[in-house]
Every structure is written in C-alpha cells, then in structure tokens.
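See below for the structure under consideration.
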Amino acid sequence: MERAAAVAAGAWCRRARTRGRVSAVLAVLTAGLLVFHRVVPNSVGRVGSLLETFLPWLGLVIVVLTGLALLRRSAAAVMALLLPAAAWTHLFGGLLLPAEESGPHDLVVVQHNVSDENTDPAGTARALAGAGPDLIALQELVPPALAVYERTLAPDYPYHAVRGTVGLWSKHPLAGARLLDIKPRGVTEPWSRGMRAVVRTPHGEIAAYVAHLPSVRVGAGGLASSRRDESAGLLGRAVAAEPLETVILLGDLNGTVDDRGLTPLTSRMDVARRGFAFSFPAALPLARIDQVMARSATVTHIRALPATGSDHLPVSARVALR
C-alpha cells in the first residue's frame, strides 16, 4: 500500500514538473514574440504584421499561463512568466497610465471613419461635436450624408474642407486645402482618400493631414496589406516633404502603430503615449486602426468615444504643441 502510494505520488510529481516545463516554455515563447516581433517574417502571408496587429492581446496569454502555473504550483513556470510580463509592461504599460494634465498649448482632435453606410449622420455629427474638439477629421464621406455633416457641424465648426471622401472641420481658420495623392498602383476606380490643409491656430500654423489608407483582409493566405503598405509609404513621403514644422495626421490607417506596415509614418511621427483606444470593430473593438500622430508635437493621450452609426468607434486625442 505504502509503495503504491509512493509510486503514485512520484508519478504525480513528474507530471506536474512536465506541465510546469510546458508552461515555462510557452512563457519564454510569448516573451520572444513580444520582444522580437520584428523578426517574425512578413514574406509569407505577412504573418509579422498580423502578429503586430494584435500584439497587446498577448497580455491575455500571460494571464492564462499565470493561472495555469499557479494551479499546478509550478515555481519554474511562475518565474518564467516574469519574462513576458516585463516585456509586455515595457511595450504597453505606459498606455495604462492616467492622462497627463492638459497644457495651455494643447489641441483636442477627433478622428472618425463615419462609414458610408451610416444611417444617422446627424446624430454622429452631434456626438463628435459634443466631445468639444478643435479639429474633427472624417473619412468615408459620401453624398447625401456629406451635406448633413456640413449642416450639423457648421455652428461649432465654421471652417471645413473636403477632398474626395475625407474632410476636416476646424474651430480655427483653414488654408491651402488640397488633395493628397496616396492612391496605390492598380487602383483604377475613382479614389481620393487623402488631403492636406493648414490650420491657423492661436499657437501658430500646423499642417493637418487626413487620410484613409486601403483596407486589409485576413484570409487563408494571411494578411492582405500590400496596397495599405504602399499607400502608407506615399503618405510618409508626403509628411517628410512637408515644409511646416508641426504636422498632425488623423486617419483610418487600417493598421496599428505596432504594425511594421505603418513604419513610413511611425518612424517619422509621434504616437499616443497614453491610452489604448481600440476602435475597430465598433461592436467588439480589438485594435486601434484609427490613428492620431504628430511631428514636432506630442500626442499625450488618446481614448475611444461612444459608438455612433459607424462600424468604427471615434477616437479623441490631446496633442501638446511645442
């Protein structure tokens, strides 16, 4: 009897050690993906970009592995989990910190893809204006909804410019609004989804860019993002050539700031330092693909606003001018 009990106890200990080793290996692998995500190749199915799109959600993997390690009482697995926990905190911990106090030179901006199928453009416009921003950037503007946005926003935003399907509404005077060519090769249908304008703020002139990059799709072959990446490159070159020092970019970029496909922009511009602001899909937000970036300015905080009639959530950001 005692021998059988000892054998059973030994077998249980061996299984526990084995399970602990599996959890430890998974913890190290998760840490590797967080730290070395740029090493994951994009050559096949753009797997690297797909990983980077959902990179913050590896935090859930850490939570699950921690629960399993505690359940199995594996000290080795718990110690190994310190690696991914530290990596995740380094990458994303700052986004969880409270917003910094606003300064005298701050601008509040709102970015929203309003959807060309939005059945309540007036309600959407009122909701965006209710957030009290200085600038509102919109994408997927189509007639007759455009006229509704213009009419509804006019009392609070006397200045606006629309080029193609993107537009900018402002409390401050606008000048020099022009179409921005970010159309990728191979697109033959009418496609005008970028604009640039100068905003004459009390703190000086800033160049405001509004853009809607091509959509991406996830299928059996991986992430289809070549057109998005090409358009991001064109937009990045336009920003690099911008003569004004201060630039604010607002847009549905169909990518997260961790996605290497947006490197032509993120390598040149500041991204939000506080807030996750997942914006898509509106019914169950999994990623922030609606972005506010800045050059010679700081995006101090970004947050998602309540749902409108769109499949995206609006995002509101505070930008500190230097």
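Take the solvent-accessible surface of the protein heavy atoms, probe 1.4 Å, and return the percent of it on the chain that carbon and sulfur atoms account for.
Values: 9330 of 15260 Å².
Roughly 61 percent of what the probe reaches on the chain is carbon or sulfur.
Considering only protein heavy atoms, what per residue accessible area in square angstrom results for the chain with a 1.4 angstrom probe?
On the way: 15260 Å² over 322 residues.
Each residue of the chain exposes 47 Å² on average to a 1.4 Å probe.
Using θ = phi - 60° and the Karplus form 6.51 cos²θ - 1.76 cosθ + 1.60, what ³J(HN,Hα) does each residue of the range 311-322 get, whole Hz, x for Gly and Pro?
My calculation for the range 311-322 gives 8, 10, 8, x, 10, 10, 10, 9, 10, 8, 7, 9 Hz in order.
Less than 11 Å Cβ to Cβ from GLY186, Lys/Arg counted +1 and Asp/Glu -1: what total charge do the surrounding residues give?
Here the count lands on +1.
Treating the beta-carbon of each Lys and Arg as +1 and of each Asp and Glu as -1, no other charges, what is the dipole magnitude of the chain about its Cα centre, to the nearest 20 debye? Let's see the in-between values first.
Values: 33 positive and 25 negative charges, 292 e Å.
Computed charge dipole of the chain: roughly 1400 debye.
Taking the Cα atoms of the range 167-304, what is the range of coordinates along each of the three principal axes, in descending order and whole Å?
The Cα atoms of the range 167-304 stretch 51, 36, 26 Å along their principal axes.
Kindly provide the pair-distance distribution of the range 122-247 built from C-alpha pairs, with 10 Å bins from 0 and whole-percent values in order of increasing distance.
12, 38, 32, 15, 2, 0
For the range 278-317, with equal point scatterers placed on the C-alpha atoms only and solvent neglected, what are the log10 I(q)/I(0) values from the Debye formula at q = 0.16, 0.21, 0.29 1/Å, to two decimals?
-0.39, -0.61, -0.94
Can you tell me what percent of all Cα-Cα pairs in the range 247-292 are more than 13 Å apart?
Working: 560 of 1035 pairs.
Beyond 13 Å sits 54 percent of the P(r) for the range 247-292.
Loop only by DSSP, 12 or fewer other Cβ within 10 Å of the Cβ. Give me the trypsin sites (Lys or Arg not before Pro) in the range 133-185 that pass, ordered by residue number. Write down the numbers at each step before the final one.
Values: sites: ARG151, ARG163, LYS171, ARG178, ARG185; in loops: LYS171, ARG185.
Counting only loop positions with at most 12 other Cβ atoms within 10 Å, the trypsin sites (Lys or Arg not before Pro) in the range 133-185 are ARG185.
In terms of the ratio Rg/(2.2 N^0.38 Å) built on C-alpha atoms, what value belongs to the chain? Walk me through the numbers before you get to the answer.
Numbers: Rg = 23.4 Å, N = 322, 2.2 N^0.38 = 19.7 Å.
Scaled against compact globular proteins, the figure is 1.19.
If I require 18 Å or longer along the helix axis, counting alpha carbons, and a Kyte-Doolittle average no lower than 1.0, what helices from the chain are left? Use full DSSP H segments.
Details: long enough: 2-35 (49 Å, 0.64); 58-71 (20 Å, 2.87); 226-240 (21 Å, -0.38).
For the chain, where a helix must reach 18 Å along its axis and average at least 1.0, the hits are 58-71.
The values are calculated or read from the model by the stated rules, or taken from the named source; none is laboratory data. The shown structure was predicted, so the numbers you read here are calculated from the model rather than taken from an experiment. Cβ sites come from the backbone with ideal geometry, for glycine too, and all protein chains shown count toward neighbours. Areas reflect the complete protein model, heavy atoms only, side chains present, ligands, DNA and RNA absent. Shrake-Rupley method; radii C 1.70, N 1.55, O 1.52, S 1.80 Å.
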